[in-house]
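The values are calculated or read from the model by the stated rules, or taken from the named source; none is laboratory data. Bear in mind the structure is a predicted one, so any value in this text is a computation, not a measurement. Virtual Cβ from ideal backbone geometry, glycine too; neighbours counted across all protein chains shown.
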Amino acid sequence: MGSGLRHRGAGLKSYPEQLLRCCLLPLATASVTADGILLRGRLYTCARAIEQRWFERARQRGQWQVRLACDPSDLGLVYLLDAAAPMQFHACHPLHGDAAPTHAAAAEMAEQHLRRQPARGADLPLLAAG
């Protein structure tokens, strides 16, 4: 065994599985609004947002950005990164009124979001061919 390992007590660190999973998920930017945490057309909430009255603050002072870790294939649960405490995440759940399927892939959700919006140019008058 090398002398560095002998003197440093080189034991492997162990971390909770949920923490490792959150650290490996892709990050996304979401907006805290008066209605909830908005990510890709869906609204989420979490205990921290409720305890700190984020939605009331957003109503009074305007929205701000937060970072979320999310699995693009399952947007039923996303994780808020805690800026004050690195390596700490808060689980965010969809708001009750935003009850899309919990295991919908991001692509499916984007497609659903586009279907809900009017088609571009739908409000423009048609030009007569001729």
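Assorted remarks:
- Looking across the range 68-96, not a single residue is closer than 12 Å to Ile37 by Cβ and surrounded by fewer than 14 Cβ atoms within 10 Å (Cβ to Cβ).
- Only a single item in (1) modelled with pLDDT under 70; (2) surrounded by 16 or more Cβ atoms within 10 Å (Cβ to Cβ) is not met by Ile37, and it is number (1).
- Note on the range 41-67: among residues that are among the charged types (D, E, K, R) and either at positive phi or touching a residue at least 40 places away in the same chain (Cβ under 8 Å) (or both), the one that is surrounded by the fewest Cβ atoms within 10 Å (Cβ to Cβ) is Arg53.
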